[in-house]
1. List pairs: first residue in segment B:59-80 and within 7 Å of another protein chain (Cβ to nearest Cβ) and free of Cβ contacts under 8 Å to residues at least 12 places away in the same chain, second residue outside any helix (DSSP H, G or I) and crowded, with 21+ Cβ neighbours inside 10 Å anywhere in the structure, Cβ distance under 7 angstrom, at least six positions apart or on different chains.
2. Going through segment B:20-31 one residue at a time, which ones are in contact with a helix residue (DSSP H, G or I) (Cβ under 6 Å, 6 or more places away or on another chain) and surrounded by fewer than 19 Cβ atoms within 10 Å (Cβ to Cβ)?
3. Can you name every residue in segment A:140-174 that is at pLDDT 90 or above and more than 14 Å from chain B (Cβ to nearest Cβ)?
4. Determine which member of the set B:47, B:13, B:79 is outside any helix (DSSP H, G or I) and surrounded by fewer than 19 Cβ atoms within 10 Å (Cβ to Cβ).
5. Could you list all residues from segment B:175-203 that are within 21 Å of the chain's Cα centre (by Cα) and touching a residue at least 12 places away in the same chain (Cβ under 8 Å)?
6. Give all pairs with beta carbons closer than 9 Å in which a residue from segment B:111-135 that is more than 25 Å from residue B:37 (Cβ to Cβ) meets a residue that is outside any helix (DSSP H, G or I); count only pairs at least 6 apart in sequence or on separate chains.
7. When segment A:107-151 is examined, which residues are found to be outside any helix (DSSP H, G or I), closer than 21 Å to residue A:28 by Cα and over 22 Å from the mean Cα position of the chain (by Cα)?
8. Please specify each residue of segment A:180-210 satisfying the condition of being at pLDDT below 90 and either loosely packed, with under 13 Cβ neighbours inside 10 Å or within 8 Å of chain B (Cβ to nearest Cβ) (or both).
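The values are calculated or read from the model by the stated rules, or taken from the named source; none is laboratory data. If you're wondering where the values come from, they're calculated on a predicted model, not measured in any experiment. Glycine also receives a Cβ, built like all others from the backbone with ideal geometry; neighbour counts cover every protein chain displayed.
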């Protein structure tokens, strides 16, 4: 491979990283908004959030991408820049999976904690922000790490729409060299390295957050951290 | 927004063809992933590091890289090595291989959940290793993990549209073909989107029933 082709691959890596970061940010925002809405007191809020997760988890990410690229401009006259169209499709889809993680982690917090908050006359928002989330977030990190790797794998789908990400640059190099083993091996290795770094970073984050909860005055916090994680188990359905 | 019901009716025969291919790919892919996953799970448990380590690295690699690129790899590289398969066969193998790295973990969890007493009883009865696996451990392990495997079948369903890129005429492929012929994108894409939601919702209901039946 020549240096020009490597430059092409590097530009692809950059696009993939951008997609991963922006898609991850949108997915996190959606996960928390929808996941918190799913444990709301009003049934209508819970119902709407439930419909959102069912719909977006029910379709395939690739169909979402096609929809955002082809149907949104035709049907509603919204033409998005390719990057934002891709981020929107990925963020909304993976956010729906993330919402289930958030909901599961919030439900796994000991009910006595919530009752304690009520007894101390915290407002619902204060309970969520000061009591439930600090204990639930460390539990969310391992399933979120898996979801991030899934998102990374999902970013490859935008190459089908002609966006110049890592997978797309692989196809270009294949056409240039008329040879596929070498370039696809490199592309797979680069994806693997990115996924590896992501997993490592998330593990470090988990350690820090769990230590934070362990230092908190509530004694039960440390013991509960070892309860087996069930939030990510239902990932497919 | 202009929605044309005639286009929907027009698209239905194509939709049916695509649905059949999607379900075919899903069924065959599931079989491949269930079988391969069990093989990986058993190989990782072998006592020799020379087998378990490479298998562990390989499956970790496959699990953490995009199915799309793996698909391209198999589709373009296998013919270079003199192995030519139909697009559907390549697609089924790729999707089966990818998901086998997930089902492998499911099997592993199931095997580890079999109580130690069962192993000890098999040793006490002097059962050969082969019989221990086939009549004692695996029947108990597999029964427990059926619901988790079902979840991966649903995930697999949602990954079948990717097969479109290697010219497999499944639902999304048919929709795209139809859209390119008639310049109508809204109807076919919406129809298959709704179809996916309906199928995966029905599948998850079915799975919950199965789960209640099997896990007690």
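1. Here the result reads B:76/A:180; B:77/A:180; B:80/A:180, each pair linking segment B:59-80 to a residue that is outside any helix (DSSP H, G or I) and crowded, with 21+ Cβ neighbours inside 10 Å.
2. B:28
3. Across segment A:140-174, the qualifying residues are A:140, A:141, A:144.
4. Among B:47, B:13, B:79, only B:47 is outside any helix (DSSP H, G or I) and surrounded by fewer than 19 Cβ atoms within 10 Å (Cβ to Cβ).
5. B:192, B:195, B:196, B:199, B:200, B:203
6. Qualifying pairs under 9 Å: B:121/B:127.
7. Matches in segment A:107-151: none.
8. Hits for segment A:180-210 are A:180, A:181, A:207, A:208.
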